[in-house]
Amino acid sequence: MSSRFPSSVSGPLLLREWERLTQTGVEASRDNRPEQALAWHEHALRVAHQLFHDAPAGVCADDRLAAFVVAHLNLADCFTTLSQPISAGECINCAHHQLLALTRDDHASADLRSAACKHLHHTFAALTEHHNRCAAREREDAMERQAHSVPMPSGNPPPGTLLH
């Protein structure tokens with residue numbers, strides 16, 4: 001099955017299709033069906049890529065980039081739910097770096113660069129949250145390893161210990 005829509009599909013129809021796929025993915029997530037949610041959000045991302053790269057008529061730059069960012073963040077949430085933090089981080093990084101590149105692209109339209117600047121705070125916040133979540137998980141893992149490596153006291157103090 002092809003994931004690209006023919007170029008004859010209007011931009012607004014393509015955006016509505018992205019919205020439908022995204023809503024279906026969100027519903028699957030709400031229903032605790034992460035694998036199905038992942039599949040819907042992957043399909044939504046393919047449509048978002050088409051919106052992003054093909055610049056269809058009738059869809060403003062802000063909507064194109066919003067679809068692109070939301071699709072990546074939804075996928076990252078699915079990967080997090082599925083205990084795949086590396087894939088989650090890659091999704092967020094991809095969107096963030098694409099936006100950064102757009103802000104510096106002299107060939108991109110002013111509307112597109114402005115929309116990229118507007119959406120950067122979403123990806124930056126997601127990157128920060130992801131980093132904090134991973135750091136917390138690393139701390140928990142370290143504490144767990146430490147708890148298993150420290151011998152339990154026998155109830156008696158070691159020889160030569162002074163008791164006060």
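The values are calculated or read from the model by the stated rules, or taken from the named source; none is laboratory data. Predicted model, so just to flag it, every value in this text is computed and none were measured. Glycine also receives a Cβ, built like all others from the backbone with ideal geometry; neighbour counts cover every protein chain displayed. When the accessible area is computed, the model is the full protein with side chains, heavy atoms only, and any ligands, DNA or RNA have been set aside. Shrake-Rupley method; radii C 1.70, N 1.55, O 1.52, S 1.80 Å.
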message: Take Ser83 and Ala110, extend 7 Å from each Cα along the Cα→Cβ direction, and tell me the distance between the two endpoints in nm.
response: 5.2 nm
query: What list of ³J(HN,Hα) couplings, whole Hz, do you get for the range 99-105 from phi and the Karplus terms 6.51, -1.76, 1.60, once you set θ to phi - 60° and write x for glycine and proline?
result: 5, 4, 4, 5, 5, 9, 7
Spatial separation of Cα centroids for the range 17-57 and the range 65-106, in angstrom: 13 Å
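Would you kindly state how much longer the chain becomes between Cys94 and Arg16 on full extension, computed as 0.36 nm times their sequence separation minus their alpha carbon distance, in nm to one decimal?
25.7 nm
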For the range 31-85, the spread of Cα positions along each principal axis, largest first, Å: 37, 17, 17
statement: In whole Hz, the Karplus estimates of ³J(HN,Hα) for the range 119-130 (6.51, -1.76, 1.60; θ = phi - 60°; x where Gly or Pro) are 8, 4, 5, 5, 6, 5, 4, 5, 4, 5, 4, 4
message: If I model a spin label as a point 7 Å beyond the Cα along the Cα-Cβ vector, how far apart are those points for Lys118 and Asp31 in nm?
response: 3.3 nm
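Suppose R0 equals 22 Å. What FRET efficiency, 1/(1 + (r/R0)^6) with r the Cβ-Cβ distance, do Thr128 and His53 give to the nearest 0.05?
Working: r = 27 Å, r/R0 = 1.24.
E(calc), rounded to 0.05, equals 0.20.
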- request: Hey, can you find the accessible area per residue of the range 42-114 for me, probe 1.4 Å, expressed in square angstrom?
  value: 46 Å²
